[in-house]
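Peer 1: Here it is, the structure, as structure tokens.
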Amino acid sequence: MILRKKKYYFNQTSLTFEEIRPGKKRRWFDLFSYMFGIVFVTFISGYLLSSTFGSPEARILEKELSSLKKDMHSLLNKGKNISSLLHNEVFPKDNAYRTILQIDTLPVSLRDAGTGGSAADQGFTNINDLSYQLDILVSKLNRQLKIQSVSYETVYQKAMMHASHLTHMPAILPVAQNDLIMISSDFGVRSDPFNHVEQLHNGLDFVAPTGRNVYATGDGTVTFMQLSRTGYGNEIVIDHAFGFGSRYAHLDTILVTGGQKVKRGQLIGRVGASGRATGPHLHYEVLYENRPVNPAYYFDNGLSTDEYRQILNQASGETR
């Protein structure tokens, strides 16, 4: 029920105040005006409240958006740290490994894998800008990590080949130091002990008692093991791959077979005086591209007695 003020007029005839009663149209107009006022005030109030404080849904969305921006900034910072780690530690170490292994280093332009980077310090507030910058950074890091992965595989394969090369190199003494009496003849021109004519001596002569152990000086495959017709007596030849080979002559006993795989430090024969020899000793040669070279150039002089013994024990254990 709409409450309104009563209105009166002065009746000249009755000389009294009488109530003014509005007509039907007037009552409907008053009702419509009242309802419109209520709706208008409600709308204006809601609009002002929404503009000032926001709706609950809007406040929730705004909070989630703020949290998302914070997370994206955090990811951009982490990406920047990863990029810094790659450039300051990973890439320089990788180039150092490649230099040691004689592999061409990768150019900076290739390692950089294009442009782009972190936008964490650029003051972006628009979520689309953050998303775009994060996408650029992730794509760049992904390309850099793929390049680095390929580089590491190349370095690993080269390192494995280098390690194999080292173990195949004829680099230890063929006779244990405690069995060795002396080296009676060096590599080079000498007077032949039988005809006293100067000629090239292709190896080193290790004087040791008959029956003392003779060891393979590097990993390889036995390609010859029998009595030689050239004066070497009982002879063993090992192919070490990578162009290297070794010969062990004047043996008393041969302990390997043709085609056998041997390890550095493995027992292959025993010292003797077979063939054209003046006494028990081991004639030892190193061959490169089938030509004799001075074995002394390939001995690892840094090996201690214990390290040498360890190599012999390891080879003995592997060949049992």
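Peer 1: Inside segment 89-113, can you point out the residues that are within 15 Å of the chain's Cα centre (by Cα) and either assigned to a helix (DSSP H, G or I) or over 15 Å from Thr154 (Cα atoms) (or both)?
Peer 2: Answer for segment 89-113, where residues must be within 15 Å of the chain's Cα centre (by Cα) and either assigned to a helix (DSSP H, G or I) or over 15 Å from Thr154 (Cα atoms) (or both): Glu89, Val90, Phe91, Pro92, Lys93, Asp94, Asn95, Ala96, Tyr97, Arg98, Arg111.
Peer 1: I would also like to ask the following. Kindly check whether there is at least one residue in segment 278-286 that is part of a loop (DSSP other than H, G, I, E, B), modelled with pLDDT under 90 and polar (S, T, N, Q).
Peer 2: yes
Peer 1: Scan segment 249-271 and tell me whether some residue there is of a type in the set (S, T, N, Q), within 18 Å of His165 (Cα to Cα) and either modelled with pLDDT of 85 or more or part of a strand (DSSP E or B) (or both). Explain how you work it out, then say what you get.
Peer 2: Keep residues of segment 249-271 that are of a type in the set (S, T, N, Q), which gives 253, 257, 260, 266.
With within 18 Å of His165 (Cα to Cα) added as a condition, the list becomes 266.
This time we only want the ones that are either modelled with pLDDT of 85 or more or part of a strand (DSSP E or B) (or both), so: 266.
Checked against the condition, which is being of a type in the set (S, T, N, Q), within 18 Å of His165 (Cα to Cα) and either modelled with pLDDT of 85 or more or part of a strand (DSSP E or B) (or both), segment 249-271 yields at least one hit.
Peer 1: Could I ask something else about it? Sort through Glu57, Glu64 and tell me the only one that's closer than 30 Å to Leu141 by Cα and modelled with pLDDT of 65 or more.
Peer 2: Going through Glu57, Glu64 in turn, just one is closer than 30 Å to Leu141 by Cα and modelled with pLDDT of 65 or more: Glu64.
Peer 1: Looking only at segment 221-265, count every residue that is at positive phi and small (Gly, Ala, Ser) and tell me the total.
Peer 2: Matching residues across segment 221-265 total 6.
Peer 1: Further, regarding this structure: Does segment 210-223 contain at least one residue that is basic (Lys, Arg) and either closer than 20 Å to Thr167 by Cβ or buried (at least 16 other Cβ atoms within 10 Å of the Cβ) (or both)? Reasoning before the result, please.
Peer 2: Step one: of segment 210-223, the residues basic (Lys, Arg) are 212.
Now narrow it down to the ones that are either closer than 20 Å to Thr167 by Cβ or buried (at least 16 other Cβ atoms within 10 Å of the Cβ) (or both): 212.
Within segment 210-223, one or more residues are basic (Lys, Arg) and either closer than 20 Å to Thr167 by Cβ or buried (at least 16 other Cβ atoms within 10 Å of the Cβ) (or both).
Peer 1: Scan Lys93, Lys146, Lys80 and give me the residue that is modelled with pLDDT of 85 or more, surrounded by 14 or more Cβ atoms within 10 Å (Cβ to Cβ) and farther than 30 Å from Gly243 by Cα.
Peer 2: Numbers: Lys93 fails: surrounded by 14 or more Cβ atoms within 10 Å (Cβ to Cβ); Lys146 fails: surrounded by 14 or more Cβ atoms within 10 Å (Cβ to Cβ).
After ruling out the rest, the residue left standing is Lys80.
Peer 1: Could I ask something else about it? Does Tyr284 satisfy being closer than 20 Å to Leu180 by Cα and exposed (fewer than 15 other Cβ atoms within 10 Å of the Cβ)? Write out each step before concluding.
Peer 2: Values: closer than 20 Å to Leu180 by Cα: yes; exposed (fewer than 15 other Cβ atoms within 10 Å of the Cβ): no.
Answer is no for this residue.
Peer 1: Now for a different question. Right, Ile238: touching a Leu at 6+ places or on another chain (Cβ under 7 Å), among the aliphatic types (A, V, I, L, M), at pLDDT 95 or above and not in a loop (DSSP other than H, G, I, E, B) or not?
Peer 2: Details: touching a Leu at 6+ places or on another chain (Cβ under 7 Å): no; among the aliphatic types (A, V, I, L, M): yes; at pLDDT 95 or above: yes; not in a loop (DSSP other than H, G, I, E, B): yes.
Answer is no for this residue.
Peer 1: Separate question: Hey, can you tell me all the residues within segment 233-246 that are out of contact with any Ser or Thr (no Cβ under 6 Å at 6 or more places or on another chain) and crowded, with 23+ Cβ neighbours inside 10 Å? Outline the logic, then answer.
Peer 2: Initial filter on segment 233-246 (out of contact with any Ser or Thr (no Cβ under 6 Å at 6 or more places or on another chain)): 236, 240-245.
Residues satisfying the conditions are Ile236, His240, Gly245.
Peer 1: Write out, first by first residue and then by second, each pair whose Cβ atoms fall under 7 Å of each other, whose residues are 6+ apart or on separate chains, and whose first residue, in segment 174-185, is closer than 10 Å to Arg212 by Cα while the second is buried (at least 17 other Cβ atoms within 10 Å of the Cβ) and charged (D, E, K, R).
Peer 2: Listed by first residue and then by second, the contacts come to Val175/Arg212; Asp179/Arg212.
Peer 1: Considering (1) surrounded by 19 or more Cβ atoms within 10 Å (Cβ to Cβ); (2) under 37 Å from the mean Cα position of the chain (by Cα), say which one Ser304 fails and leave the rest.
Peer 2: (1)
The values are calculated or read from the model by the stated rules, or taken from the named source; none is laboratory data. Small disclaimer: the values here were computed from a predicted structure and weren't measured. No Cβ is skipped: glycine too gets one built from the backbone with ideal geometry, and neighbour counts run over all protein chains shown.
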